[in-house]
There are 2 protein chains.
Amino acid sequence: MIRLNDSYERLDETYLFAKVARKVNAWRLSRPDADIVRMDIGDVTRPICGAAIEAMHRAVADLAAASTFHGYGPEQGYAFLREAIAAGDYAERGIDISPDEIFIGDGAKSDIGNFPDILSAADTVALTDPVYPVYADTNVMGGRKRFISLPMIPENGFVPCLPEETPDVVYLCFPNNPTGTLLPRENLRRWVDYCRANGVLLLFDSAYEAYVRTPGAVRSIFEIEGAREVAVEFRSFSKTAGFTGLRCGYTVVPKDLTGRFSDSRKGSLHDLWLRRQTTKFNGASYIVQRAAEALYTPEGREACRVQTDSYIANASLLRESALEAGLYAVGGQDSPYVWVKAPGGMDSWSFFDRLLELGITSTPGSGFGKSGEGFVRLTGFNSEANTREAIERLRRI
Amino acid sequence: MIRLNDSYERLDETYLFAKVARKVNAWRLSRPDADIVRMDIGDVTRPICGAAIEAMHRAVADLAAASTFHGYGPEQGYAFLREAIAAGDYAERGIDISPDEIFIGDGAKSDIGNFPDILSAADTVALTDPVYPVYADTNVMGGRKRFISLPMIPENGFVPCLPEETPDVVYLCFPNNPTGTLLPRENLRRWVDYCRANGVLLLFDSAYEAYVRTPGAVRSIFEIEGAREVAVEFRSFSKTAGFTGLRCGYTVVPKDLTGRFSDSRKGSLHDLWLRRQTTKFNGASYIVQRAAEALYTPEGREACRVQTDSYIANASLLRESALEAGLYAVGGQDSPYVWVKAPGGMDSWSFFDRLLELGITSTPGSGFGKSGEGFVRLTGFNSEANTREAIERLRRI
């Protein structure tokens, strides 16, 4: 008999973004003349920078001749890229990460989604609420049933408290998706200390680190002392450089990081992830790795800064206009995301519908968890012109 | 406590190809002046064809301008590629597969490795012996403990027999890796009938279908009546068009295919795989999908034929020279692989060492399973000149 993974029965039926897309399409069909400004999905709109484009044309040319052809690359990624990352994202900021602790993947979503493969299905997982749905869904798929919720709400300044019950794994994402908020350094230090004291694995998603502008704010978990003993960091070029369609990201798994099998034998998470990746993955595209390498040149860096600046500027405008309209809103400073509270106790999907009536799409906060109820997420990824149009429409609320 | 997936403890310590690489490197260090002809690994050496190169330059240019920029693509793959595949690989051959039954991935290794995610960990899995190690290792990682071995040996003409105990899942790969042999149509029909009668899922790896030259030989499992009810097919552009470094493949999951959860509710494998991919994957690179699309143009098709012809010609030469040297050898006709038996009852690693002494690398058959003991796999992927050099060296055996 073809027997299925029972865990899939425990998933919510629809993936949040698919449901939003269906609603938006239905609205479009009902009003073929109306235009819509998309402030919902987390996709970028600006083209890839010149440095990466040139690198890709060169890489394509490499593949056109036998003498410069590249076949299978290392599953962990080419050394040229791992070295550029270790230097540019870590060593230059005084952080000790070696190139062989870096694993190049086809994007943070894959790496974040697959990482729990190497962990016990009996683990208890602590997740912030609201949260990026992929953390929760992939753990449900992996058979995990025990979750601890860490509310991030206006009342606690969007700072998740340490849990009463000790989890095995905790996910943190800062700058946060969906709230757009930061976690102050001293709170992050408290989390790292807590994980060290209790043997908790900290999975740190810093896909939005390129948006940090507040001086002194944390960009990597490895800035915190002792994090090498407890943390894994996920990074992406999607939001840093517009690589959403190119597919490249990376994961840092320090060699200090160990866990235990149920027979109490120790195991290195670095070794297990390497084994997972060499067996179930075959490396990211050579062309895309060359493009990512180019982001570490002076031209590439400047282009990333200009691109993220523009998205932050949009998000900032959105937040200010929401505040002017008398709404409560956070984010939009060190993040492309703005987290806006619905007026008058309205729930998320009602607020979504109300904004859709105005021709603005949003992502209902309740799709990110119970504590997201009553909020929507807006993003700064559209063009400045469209963002200004959305702001005009928001005034009519 | 950081608790690890116990299944990883049950894996063999070293991945076969990594062990070969270590041995070859050690030999190189001990003999810095000697050259080596690589007849071991399954990587291609010929450059990407002009049609795909031009398509990639155009796709890179698309990403350089906001008006033609492509961000996130559909997780299942772009319609332009799924439609080209449905037409070129199926409809033209009279096979009924619709574009929305096709899932574009970043290569067959990932899809084959990840597919068991949606199946029950309690499943019994039937594998040929010898076998591509990824099938076995990924099922061990997924917690499966019961395996049925289907020997493919000279005595049965490399045709796996139907098992006595009924499995839940069976993997078949033809043209076969590592033996290079085909499964006659009537045997494949028997397997499909068996799977239908017993509710067995047939995971069919046809990564090497582009190497089929024997008239009338099966290229897709869906040529067999009833296969839509029981089979999933994995395809790759790696060996068809040299995409090993580009990363693209696809998986066909018919909508007819259903399984059961343990509460006996029915589930669609298509729906579950879609859910898996939308949650844990974010689509293959836009540039690479455009390259794959170009393979279905007349120029692209001709280039794929020329490329695979050249690898078959090499493999064929290798097989003939092995036969001339008095060795038993199969494959090398509808496949880039040749499966060579060691002389005088020598075991695989001893034969590997003997060939390495001659400056030829091979892959020890025992690394593919018990029934591979006493064989090595040679490949036609090197250049013609290097293949001829290997043949000269083989004469000295």
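Every number here is computed from the coordinates shown, using simple stated rules; none is lab data. Only a predicted model underlies this, so the values are computations on that prediction, with no experimental measurement involved. A quick note on method: Cβ atoms are made from the backbone with ideal geometry, for glycine too, and the neighbour counts reach across all protein chains shown.
Summary of computed values
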| quantity | calculated |
| --- | --- |
| With eigenvalues of the C-alpha gyration tensor scaled by 5 and rooted, region A:110-243, Å | 21, 18, 15 |
| Top of A:A61, A:A86, A:A52 by mean-square fluctuation, Gaussian network on chain A, Cα under 10 Å | A:A61 |
| log10 of Debye I(q)/I(0), alpha-carbon scatterers only, for region A:283-343 at 0.14 Å⁻¹ | -0.55 |
| At most 10 other Cβ within 10 Å, DSSP loop - GluC sites (Glu not before Pro), region A:138-200 | A:E164, A:E165 |
| Sequence-distant lysines (8 or more away, or on other chains) whose Cα lies within less than 24 Å of A:K255 | A:K109, A:K266, A:K280, B:K19 |
| Label-point gap, in nm, between B:V306 and A:D263 - each point 7 angstrom along Cα→Cβ | 5.6 nm |
| Gaussian network model of chain A, Cα within-10 Å springs - most flexible of A:T297, A:T251, A:T308 | A:T297 |
| Other copies of A:G216: label-to-label distances in nm, shortest first, labels 7 Å along the beta-carbon direction | 8.1 |
| Cα Rg, Dmax, region B:250-309, angstrom units | 17.3, 52 |
| Cβ-vector label at 7 Å, A:S262, separations to other copies in nm | 1.3 |
| FRET efficiency, A:D256 to A:D33 (Cβ-Cβ, R0 60 Å, nearest 0.05) | 0.50 |
| Per-selection Rg to Rh, region B:45-156 - Cα, Kirkwood hydrodynamic radius | 1.09 |
| Rg/Rg_ref, region B:51-297, where Rg_ref = 2.2 N^0.38 Å and atoms are Cα | 1.02 |
| Diffusion constant of the protein assembly as shown at 20 °C, which comes from Stokes-Einstein with the Kirkwood Cα-pair radius and 1.002 mPa s, µm²/s | 78 µm²/s |
| Label-to-label distance, nm, for residues given as B:R213 and B:E155 (7 Å Cα→Cβ offset) | 3.2 nm |
| D_trans [Stokes-Einstein, Kirkwood Rh over alpha-carbon pairs] for region B:95-153, 4 °C, 1.567 mPa s, µm² s⁻¹ | 100 µm²/s |
| Ellipsoid equivalent to region A:210-348 - semi-axes via the Cα gyration tensor, in Å | 35, 23, 15 |
| 16 Å Cα-Cα reach of A:K145 towards aspartates and glutamates, excluding residues that sit fewer than 8 places from it in its own chain | A:D6, A:E9, A:D12, A:D117, A:D123, A:D137, A:E165, A:D168 |
| Debye log10 I(q)/I(0) at q = 0.21 Å⁻¹ for region A:157-203, Cα point scatterers | -0.73 |
| Across the identical copies, how the B:E186 labels are spaced - nm, sorted shortest first, 7 Å along Cα→Cβ | 8.2 |
| Calculated diffusion of region B:1-63, Stokes-Einstein form, Kirkwood radius summed over Cα pairs, 4 °C and 1.567 mPa s, µm²/s | 78 µm²/s |
| Within region B:305-397, chymotrypsin sites (Phe, Trp or Tyr not before Pro) in DSSP loop having at most 16 other beta-carbon neighbours inside 10 Å | B:Y328 |
